[in-house]
Amino acid sequence: MSGIQEGTTAYNRAALALFFAGFVIFSILYTVQPLMPSLTNAFNVAPSRASMSLSVSTATLAIGLLLAVPLASRFGRKTLMTASLIATTCLSLMSAFAPTFTWFLVLRGLIGFFLAGVPAMAMAYIAEEFHKDGIGKMMGLYIAGNSIGGMGGRLIAGSIGDFFDWRIAIVVISLVAAAGTILFMTMLAPPQRKQTELFSIAGTTRKYLNALKQKRLMLLVSLGFLLMGSFVTIYNYIGFYLMDPPFSFSQTVVSFLFISYLAGTFSSVYMGKKADQYGKSRILLISVLIMGAGAWLTVLPYGVIQLPALLILTFGFFASHSIASNSVSTLAGKFRAEAASLYLVSYYLGSSVAGTVGGLFYDFYGWLGILIFISVLLLCVFPVIVVAKLEKPSETS
């Protein structure tokens, strides 16, 4: 099977379909981030508890990622992605009418679990269904949908939430997601490769255990937790920080600071090339230092410095994440699928755990507490890289 050829109608329709899939899941996942100050006021909860609206989603997403691989082998990748998008969109709309914060968290948890089907399956679907000469471009379009969805969801929700209400903001995002879901369902080409594997808990568990035995690989997997945990913690609480004196920014202004995500689309490619040129360890360490520098620049009490600081932070994060995930894929060998899944689990657990724990530092110590907390996480990256480099190469490498 040659796969779907670039330049064909099927290829173009599939490209748009996968773009919409990425847009839908990441717009819904991150909608609540700029709305956290509104949730704090609406439900009378502390910032650390409001941050659980994202943390609970990323925690259940991590669980869903582990189950998505065997489920897709039984029901098919497109079927799983379609079910994931429908369930996620419906649950998002329901969350806008949650009567209490507890119910809101329950629905956000279900959203995280069901949306796992898309990030777990999209790249594997692309690799299997498309001709090898067009895979790179298709991957880029899907990732672009992820980035634009995450940024767009934050911008739209933050602006609408400021002028109207957080519930209306979520309704609007959900309706946009519904349109994206319909386009995905109608535009994605039917799968050419037939799924022949049966769901096997024992077989799936054995594969994951084999991957977990690779010590050097697991060290690199832990980078997902440290990097994403630091990054999400900053963005979870930057709204609270900037809406208070001396800045007193509106929620709309704060939400537009998420355009800093555009720096990530450049840094992941640029620093990836530098990693090939000068070595992954060296460029990863530099990227982490850049990330830390951007975070600490936010402590300056000048509104004009906040966007450049976030651009620097975001540049460093996406560069670090790109290099770390690539290193995991390169080292994993025959455990590549399981290692990629475990890296994503680590990545989203970092968002969930660190994003919530960081709120306790903010509750007690303010913004300085956040900066100290994420600095500790980033400092842990250095020994991980050193040890992973000095150990003997993995048998799978």
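The values are calculated or read from the model by the stated rules, or taken from the named source; none is laboratory data. Computed from a predicted structure; not experimentally measured. Note: ideal-geometry Cβ built from the backbone for every residue, glycine included; neighbour counts use all protein chains shown. Just so you know, the surface numbers come from the protein's heavy atoms only, side chains and all, with ligands and any DNA or RNA stripped out. Shrake-Rupley method; radii C 1.70, N 1.55, O 1.52, S 1.80 Å.
Could you pull out the residue among Gly203, Gly145, Gly117, Gly158 that is under 21 Å from Thr82 (Cβ atoms), open to solvent by less than 80 Å² (accessible area, probe 1.4 Å) and either modelled with pLDDT of 75 or more or more than 25 Å from the chain's Cα centre (by Cα) (or both)?
Numbers: Gly203 fails: under 21 Å from Thr82 (Cβ atoms); Gly145 fails: either modelled with pLDDT of 75 or more or more than 25 Å from the chain's Cα centre (by Cα) (or both); Gly158 fails: under 21 Å from Thr82 (Cβ atoms).
Among Gly203, Gly145, Gly117, Gly158, only Gly117 is under 21 Å from Thr82 (Cβ atoms), open to solvent by less than 80 Å² (accessible area, probe 1.4 Å) and either modelled with pLDDT of 75 or more or more than 25 Å from the chain's Cα centre (by Cα) (or both).
Within the stretch 56-72, can one find any residue that is in contact with an Asp or Glu (Cβ under 7 Å, 6 or more places away or on another chain), of a type outside the set (D, E, K, R) and within 24 Å of Thr252 (Cβ to Cβ)? Reasoning before the result, please.
Of all residues in the stretch 56-72, those in contact with an Asp or Glu (Cβ under 7 Å, 6 or more places away or on another chain) come to none.
No, the stretch 56-72 has no match at all.
Before we move on, is Ser38 open to solvent by less than 10 Å² (accessible area, probe 1.4 Å), assigned to a helix (DSSP H, G or I), modelled with pLDDT of 90 or more and out of contact with any His (no Cβ under 9 Å at 6 or more places or on another chain)?
Details: open to solvent by less than 10 Å² (accessible area, probe 1.4 Å): no; assigned to a helix (DSSP H, G or I): yes; modelled with pLDDT of 90 or more: yes; out of contact with any His (no Cβ under 9 Å at 6 or more places or on another chain): yes.
Taking the combined requirement at face value, the residue does not satisfy it.
Being over 23 Å from Arg167 (Cβ atoms) and either touching a residue at least 40 places away in the same chain (Cβ under 8 Å) or crowded, with 18+ Cβ neighbours inside 10 Å (or both) narrows it down to one residue among Thr89, Thr82; which is it?
Working: Thr89 fails: over 23 Å from Arg167 (Cβ atoms).
Just a single option satisfies the conditions, and that option is Thr82.
Kindly provide the set of residues from the stretch 289-329 that are among the aromatic types (Phe, Trp, Tyr), over 15 Å from Tyr237 (Cα atoms) and open to solvent by 10 Å² or more (accessible area, probe 1.4 Å), ordered by number. Please lay out each step first, then the result.
Filtering the stretch 289-329 down to residues among the aromatic types (Phe, Trp, Tyr) leaves 296, 302, 315, 317-318.
When the remaining residues are screened for being over 15 Å from Tyr237 (Cα atoms), the result is 302, 315, 317-318.
Tyr302, Phe315, Phe318, listed by residue number.
Across the stretch 162-171, what is the total count of residues that are open to solvent by 50 Å² or more (accessible area, probe 1.4 Å) and of a type in the set (A, V, I, L, M)? Can you show your working first?
Within the stretch 162-171, the first condition is being open to solvent by 50 Å² or more (accessible area, probe 1.4 Å), and the residues that meet it are 162-165, 167-168.
Next, from what is left, pick out any that are of a type in the set (A, V, I, L, M): 168.
Total meeting the criteria: 1.
Would it be correct to say that Val221 is β-branched (Val, Ile, Thr), closer than 29 Å to Phe382 by Cβ and surrounded by 15 or more Cβ atoms within 10 Å (Cβ to Cβ)?
yes
Residue-by-condition table, conditions (1) buried (at least 23 other Cβ atoms within 10 Å of the Cβ); (2) of a type in the set (Phe, Trp, Tyr); (3) modelled with pLDDT of 90 or more:
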{"site": "Lys334", "(1), (2), (3)": "no, no, no"}
{"site": "Glu338", "(1), (2), (3)": "no, no, no"}
{"site": "Leu342", "(1), (2), (3)": "yes, no, no"}
{"site": "Ala354", "(1), (2), (3)": "yes, no, yes"}
{"site": "Gly358", "(1), (2), (3)": "yes, no, yes"}
{"site": "Ile370", "(1), (2), (3)": "yes, no, yes"}
{"site": "Val381", "(1), (2), (3)": "yes, no, yes"}
{"site": "Val386", "(1), (2), (3)": "no, no, no"}
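Considering only residues that are over 20 Å from Phe225 (Cβ atoms), among the hydrophobic types (A, V, I, L, M, F, W, C) and in contact (Cβ under 8 Å) with a residue 12 or more places away in the chain, which ones fall in the stretch 288-306?
Of the stretch 288-306, the ones over 20 Å from Phe225 (Cβ atoms) are 293, 296-306.
After this cut, where a residue has to be among the hydrophobic types (A, V, I, L, M, F, W, C) as well, the list is 293, 296-297, 299-300, 304-305.
Ala293, Trp296, Leu297, Val299 - these are the residues of the stretch 288-306 that are over 20 Å from Phe225 (Cβ atoms), among the hydrophobic types (A, V, I, L, M, F, W, C) and in contact (Cβ under 8 Å) with a residue 12 or more places away in the chain.
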